[in-house]
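Taken together, the values in this text are just the output of simple stated rules run on the coordinates, not laboratory data. All values derive from a computational prediction rather than experimental measurement. With ideal geometry, Cβ positions are generated from the backbone for all residues, glycine too; neighbour counts draw on all protein chains shown.
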Amino acid sequence: MTAYLLRRLAISLGVLAVMSVLVFLGVEALPGDACTALLGRSATATKLAQCRAANGLNASVSHRLIDWASGLLRGDLGFSIKRDKSVVDIVMPRLRNSLALATVSSLMAFPLAIVVGVWSARRKRTRVARVVDTVSLVLMTLPEFVTASVLWLLFSVWLPLLPGVTMVSSNASLLDILPNIWLPAITLALVVFAHVMRSMRASFLVTEERPFVEAARARGIAERIVVRRHILPAALPSPINVIAVTAAWLLTGTFVVEVVFNFPGLGRIAVDAISDRDTALILALTLFGLVVFIASSFVSDAVTRALDPRVRAQVAS
Amino acid sequence: MIGLHSTATRTRRRITMSAGAVIVGGHLLLALAASVLPLQSVVAQDSNAILQGASGAHWLGTDSLGRDVLSRTLHGGQPSIGVALVAVLLAAALGFGLGTFAALVGGWLDDAIMRVVDVLLAMPSLLVLMLVASFIGREPVVLVATLALMYAPPIARVVRGASGNVLTRDFILAARLRGASRRAIVVGEVLPNIAEVFITEVAMQFTWILLAFSSLSFLGLGTSPPTAEWGLMISDARGFITVSPLPLLAPVAMLASLVLGVNALVDRRAQAALS
C-alpha cells in the first residue's frame, strides 16, 4: 500500500509539473498580455512599450517560464499588474473563505447524502423514495443561480432569517464572514447532496444484486449486518469517487454561486480576473484548480484501495 | 431487470414523457412566437414605471429600467435556445462522426481519439467558456463553436461505446459480407441501433449547453445588454428583489421549466443506461 501510494504520488507530481507548463503556455497563447489589459483603450505604442519594459514582459517566453516556475517553488505566485498587488496577497484570504465555504457545504451534504442514499435504496419501491429521487434529479439539473435565487428570495427576503448578499471584505475575520456563508453553502450543499446521494443509491442497488450478498442472506445473517458488512464496503467506492470530484468542484467550480451571493472567495475573483484579463491571477487560479483536481483523484484512489477488502487482506498478511 | 416494468411504472413513465413533450413544445413555440406576438418593446425604458408589480399595462410588471418583463421573458429564450440548439446539433454531428469513426477503425487511432476525448472531458467547461468569451470574443459564432467543441466529447464517448457493441453483432458481419460500404453500415445498421441512446445523450447535452450559456450570460460574459436573455435578466434583477421579485422569478421559472421539461421528455430508462 505504501509503495503504491508513493508511486501514485510521484506520478501525480509529474502530471502536475507537465500540466503547469502547459497552462503557462496556454495563458501565454491567449491574445493580448497584462499590459494591453491594463491600458485598455488608452494603449498607445509608446505606453505599451514602457509598460512592457517596466514589467519585464519583453523577455523571451522560456525566460519568463523559468522565472515563473522558480518563483512558484519559492511560494511566489507572481504579481498582478492590473491589481498592483502580489498574487499571493490577493489569493490567500479568498482561499481561506473558499475553504470555509467548501467545508461547511461538505459537512452539510456528504454524511446526509450517504445515509439518505442507503435509506432510499433499501426502500426503493416506496412513494417517499420516489419523491426523494425526483427532487434530487431536479436539484441536479437546475442551474445554481436558479436554486440560489430561489433560496435567497425564500430565506433572506420573504423570511428574513439569513443575510443574502455579502457586504464584508475578503479580509474580514472568519466570524464576520460566517453569517454570510449559510446561503451559498446551502445552495452548494443541495447540488452536491443530489450527486452523491444518487451515486450511493445506484451503487447500493447494483451491489445488492451480486451473488455474495445473496449468499450472505442465504446463510441467515441479519439484514443489518448484511448491509453494514457486506453491501456497504463494496458499494462505497463509487460514491467516494463522486465525493472526491464534487469536493474538488466545491473548491474550484463555485463561480456562479459566489457571484450570486457576492461571496469573497476564489470563484468570484476568478470571474473578475477573467473579465478584466488579469493573466497573472488567471494563471495562479488555474494552477490551483489543477492541484485540487490532481489531489482529489489521488485521495479518491487511495481511499478506494484502502476500503477494498482484497487489498486490506494483503496488508494484514 | 430492464424491460420488466409493471404497468403502473410504464403508465407513470408515459405521463412524465408527455408532460415533458408539452413543456418543451410550448417553450419552442413561445420562443418562435415572441417575435410575432403583440408584445411591448424589449428595450424601451420607462423611467416613470420602474420595478412595478403586475398590472394591466405590464402583465408581469417592469424591471429596474422600466422595461416590460413579460416581453423580455418571452424573448429571453431566443438567444439561449437558439445558441444551444445550433451548438448541440454541431456537437451531435461531430460526436456521432468521431464516435462511429473510432469504433469502425479500431486499433491505435481509436485509442488516440478516445484519449483526446477524455482530456477534453476533464476540462472545466464554464472556465474555458469564460476564457474564450473574455479573450477571443463573445460573438454568437465564437460561443457556438466553443460550446460545440466542449460538448461533442461526451456524445462521442457514448456513441463510441454504443456502436462498439453493435459492430460485433452478426447482422453487421452479414452487411459486410454482402459488400455494404462503411457509410451504409453506419447509416443503415449502426444508427438505428444506437438511436435511442444517442438521442437521449444529445437531449441531455442540450440542457447542459443551455445552462452553460445562460450561466455565462449571468456572469456577464455571454449575451450583451440590452438584449433579453434569461441568465442576464436574472443577474440584472438580483439587486432589486426586495422591491419586486417578478423580474427575477419570471426568467427563473422559464429556465427551470425548460430544463425540467427536457429531462422529463427524455426516457428515464435510457438515461439510467447512460450513467
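Observations
- Dipole size of the stretch A:161-317 about its Cα centre, with +1 on Lys/Arg Cβ and -1 on Asp/Glu Cβ: approximately 860 debye, rounded to the nearest 20.
- Debye, to nearest 20: dipole size of the stretch B:39-259, +1 on Lys, Arg Cβ, -1 on Asp, Glu Cβ: 520
- For chain A, the spread of Cα positions along the three principal axes, ordered from largest to smallest, is 85, 57, 33 Å.
- Neighbour cut-off at most 15 other Cβ (10 Å), DSSP loop, GluC sites (Glu not before Pro), the stretch A:198-304: A:GLU209
- Volume per residue that the Cα convex hull of the protein assembly as shown spans, once the total is divided by residue count, Å³: 217
- Contour minus Cα-Cα distance for B:VAL128 and B:ARG12 (0.36 nm per residue): 37.8 nm
- With at most 13 neighbouring Cβ atoms within 10 Å, loop trypsin sites (Lys or Arg not before Pro) (DSSP) excluded, longest segment of chain A: A:220-317
- Diffusion constant of chain B at 37 °C, which comes from Stokes-Einstein with the Kirkwood Cα-pair radius and 0.692 mPa s, µm²/s: 158
- Based on Cα atoms of the stretch A:40-167, Rg over Rh with Rh as the Kirkwood radius reads 1.21.
- Between A:PHE79 and A:VAL87, the built amide H atoms are under 5 Å apart, and every one of these is 5 or more places off in sequence or on another chain.
- Distance from the alpha carbon centroid of the stretch A:1-66 to that of the stretch B:56-124 works out to 30 angstrom.
- Percentage of interatomic Cα-Cα distances in the stretch B:150-240 larger than 19 Å: 57
- Each Lys and Arg adds +1 at its Cβ and each Asp and Glu adds -1 at its Cβ; summed about the Cα centre, chain A shows a dipole of about 1180 debye.
- Annotation: the residues A:MET200, B:MET150, B:MET17, A:MET1, sorted from fewest to most other C-beta atoms within 10 Å of their own C-beta, follow the order A:MET1, B:MET17, B:MET150, A:MET200.
- Only one residue of B:ALA84, B:ALA54, B:ALA103 has its Cα farthest out toward the positive end of the dipole of the stretch B:19-136, where Lys and Arg carry +1 and Asp and Glu -1 on Cβ, and that residue is B:ALA54.
- Calculated log₁₀ intensity ratio I(q)/I(0) where the Debye formula runs over C-alpha points of the stretch A:20-76, q = 0.15, 0.18, 0.19 Å⁻¹: -0.50, -0.69, -0.76
- Options A:THR286, A:LEU151, A:THR246, ranked by Cα towards positive dipole end of the stretch A:87-316, top entry (Cβ charges): A:THR246
- Label-to-label distance, nm, for residues given as B:SER224 and B:THR242 (7 Å Cα→Cβ offset): 3.3
- q = 0.17, 0.22 Å⁻¹: log10 I(q)/I(0) that the Debye formula gives for the stretch A:102-235, counting C-alpha atoms only: -0.92, -1.26
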